[in-house]
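Contents: one structure, followed by commentary.
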Amino acid sequence: MNSFFRKLFISCLLLFVLCGCGKPSLEAGDYNTETSILNEGAFKSQIIDTSFISESFICESYTVTDSGYEYILSNFDQGKNLYFINVSAEGKVIYSGDLVLPISDKDGKVIFSDICKDLILQPYEFITNSIDYYGFSFNDDGSFSGYCNLYASLSERDQNGSVTGFYKVQWSADGKCISIVECTEEVEFEDYHTVRSLSDGANYSIASSGVSRVDAEGNYLSKYFDFINSDMVALGFEVIAVRDDDSFSGIYKDAVGNTVLACFNRNADGFFNRTAILLACTDLDISLMEDIYNYNIYHKDFRITVYDYSDRAISGTPQEAWDLLKSDIEGGLSPDIILNSTGYDKDFISTLCADDRLSELSDVIYKDSELKGISFSDKASELFYEKDKIYAVVPSYSYDTVLGQAGPFDVTSSWDISAFSSFTSTLPEYKYAFDNDTQVTFIQKILFYDGYDYVDYRNGTASFDSEGFTSLLNYASTLPADISAINLLRNSESYQGGALIAGDWIRIGDIHLDATKFCQGQYIDIGFPSDSNPSGVISADCSFMVMSGNANTNECWTIIRRYLTSEYQTDYTLSIPVTAEGYAAWKENVYPTAWKPEDFVYTLDGVEYTVFSPNEDEAAYIVSKIEKCDKMAFSDYYVEQIVMDYAAQFFEGTISAEQAAQSIDRDVEAYLNS
């Protein structure tokens, strides 16, 4: 995940509570209900008191009856106490509390309740070894039965005096024990399943953001049920009981550890009377979920609902999730807010703008009373905040580059792919250009830094079939195929002399530390080799967009505006902020927290070295490289998959580098023009 979401969200809840005072309205329109999840229905949820549960629970059994749903929970750690929940189909709790057990444990001794008076073992005193309840079955009137297995001994020392008992127990619909009788025959139990299958072979996919109906092949039959409507942060259902296509019930732990019972009814009346703001995102981490939770608690007229595409991505990556989300939007999906955690997709934004599907935000940004006097850094203005053409809120960005020793890499030297090939040809066999690179990670570097050299979205063309790319592909084939095969050179003498390091750095001090240590002295920022523009790259940590044509665009701005406030921008430690005020504060913090203000001492091959804190000139050099960078990082999941597929065939020896490049061009162009 990008550094934006690694940051701990500490913003004040007051920013959420503020209403529309001082904010001009965006354009308004009708919400596209045909592609919305708002008509799917809603959850009714409530916290249930399971105080006996220490941290987590297991569901011993559940059922769907004519009257509703029933659950039996136990403590995952001990299992001695049971909790019974009987809830109607509409979500009304009929009973929720401890299950009355006829045989239990107290201070290590077996306790028989009065209903056990006819049992043979009842008159005696036993030391508890184990008491287990299982094999539950339910009746349509809410009553149910189960089995109790007792294993005990006459005293702690007299293990030879052990006894066992196997009993069938009956309970009423309010959890009271009705009867207990001894069993003399063996009983077979059905396997317990946490998800009930439907008659047509469909099932339900359980995810952090909710539940979606899928068919037997795993294809989604409906959009996500809106679980965050419940005003709780769902970290995933522990158990779910499905009645039919229109209703089901589930139990989960919320963000603060409460056990929550939730019942869903499709198109149910009276569950919620607030307007939903649909946020479609590529990743839903715990920090964002907590923000949504807080927003939904403090807003009585609106609630945020989430459609998390990472749950649909086969790879689970935000990059694939973003491509899936883009495809749905192109197909007509119209969420209120789009959150792209992979960065800033300029080409897709241009496509949406051409169809007037995005709200232009410059007017509301500069007239917002809470953002009075806001201005953006030169770099942010150049890349993301061109006046009168602001279609996304980018809170922060990162800088990735390649560093090398100042001697071998003279600042005036050319750093094209030919120069890179010359450099790698001088390396000994045990040494690679980049520390810890594999065939796959090097291909990823090529695309990340130079992807736009080979992919032209505007014209729908690709140019991988070039001498430069095939040269890089040939070098990649010399690298280890697996990370385990790499000889880690970072802390050995063999790593010295001409090695390159690549990565993303947030603080100036971190760049200086790594560069000085691994380049063994003076270093230079040379960027990744390229025949057109060897350079580092800028990548937005995320971007928020507000779609036009819905009735809630003004409230959407209320939700995302806080990322540009002074409090938020001046508190960045893991990213480069976009406002002029935030950027000025970031430049002052030139030292990484871990070693400020002391110098850094490390040992290499028995010799102690000291990395002195960056002086004013060194800090200014790093800042200047960032400010002069005009190259954006490349990110396209499907292009990467195409390149990786043919690169793998080349590495296996089934095709040549030239054939791989030609095939990549063909398939990428087909993808671009599809």
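Structure note, pairs K379/K445; K44/K300; K387/K587: Cα-Cα distances above 18 angstrom occur for K379/K445; K387/K587.
In the frame of its principal axes, the range 86-149 has Cα extents of 46, 23, 20 Å, reported largest first. Close amide H contacts of K631 (hydrogens built in the peptide plane, cut-off under 5 Å, sequence separation of 5 or more or a different chain): I538. Relative protection proxy for 461-473, 416-428, from highest mean packing down: 461-473, 416-428 (other beta-carbon atoms within 10 angstrom).
A simple spin-label model places the labels of D49 and Q444 5.0 nm from each other, with each point 7 Å out along Cα-to-Cβ.
The distance between label points at S130 and K176 comes to 3.3 nm (points 7 Å beyond Cα on the Cα→Cβ vector).
Given a 1.4 Å probe and the protein chains as shown, M289 ends up with an accessible area of around 10 Å². A Förster radius of 35 Å combined with the Cβ-Cβ distance from S674 to D363 puts the calculated FRET efficiency at roughly 0.45. For the range 382-399, putting each phi into the Karplus relation 6.51 cos²θ - 1.76 cosθ + 1.60 with θ = phi - 60° gives couplings of 5, 9, 10, 10, 6, 4, 6, 9, 9, 10, 8, 9, 10, x, 6, 8, 10, 10 Hz, in residue order, rounded to whole numbers and with x for Gly and Pro. For the range 521-591, the Cα-based Rg and Dmax, in that order, read 17.6, 59 Å. Treating r as the C-beta distance of E608 and K628 and R0 as 30 Å, the FRET efficiency rounds to 0.25.
Database remark: amide H of A406 closer than 5 angstrom to the amide H of Q522, Y523, I524 (H placed geometrically; neighbours at sequence offset of 5 or more, or on other chains; Pro and chain starts carry no H).
For E238, the residues whose amide H sits under 5 Å from its own are I251, Y252, K253, ignoring neighbours fewer than 5 places away on the same chain, with H placed 1.01 Å from N.
Relative to the 2.2 N^0.38 Å rule of thumb, the range 264-406 has a C-alpha radius of gyration ratio of 1.24.
The values are calculated or read from the model by the stated rules, or taken from the named source; none is laboratory data. Fair warning: this is a prediction, and the values are worked out from it, not measured in the lab. Counting neighbours? That spans all protein chains shown, and the Cβs are built from the backbone with ideal geometry, glycine included. For accessibility, only protein heavy atoms count, side chains too; no ligands or nucleic acids. Shrake-Rupley method; radii C 1.70, N 1.55, O 1.52, S 1.80 Å.
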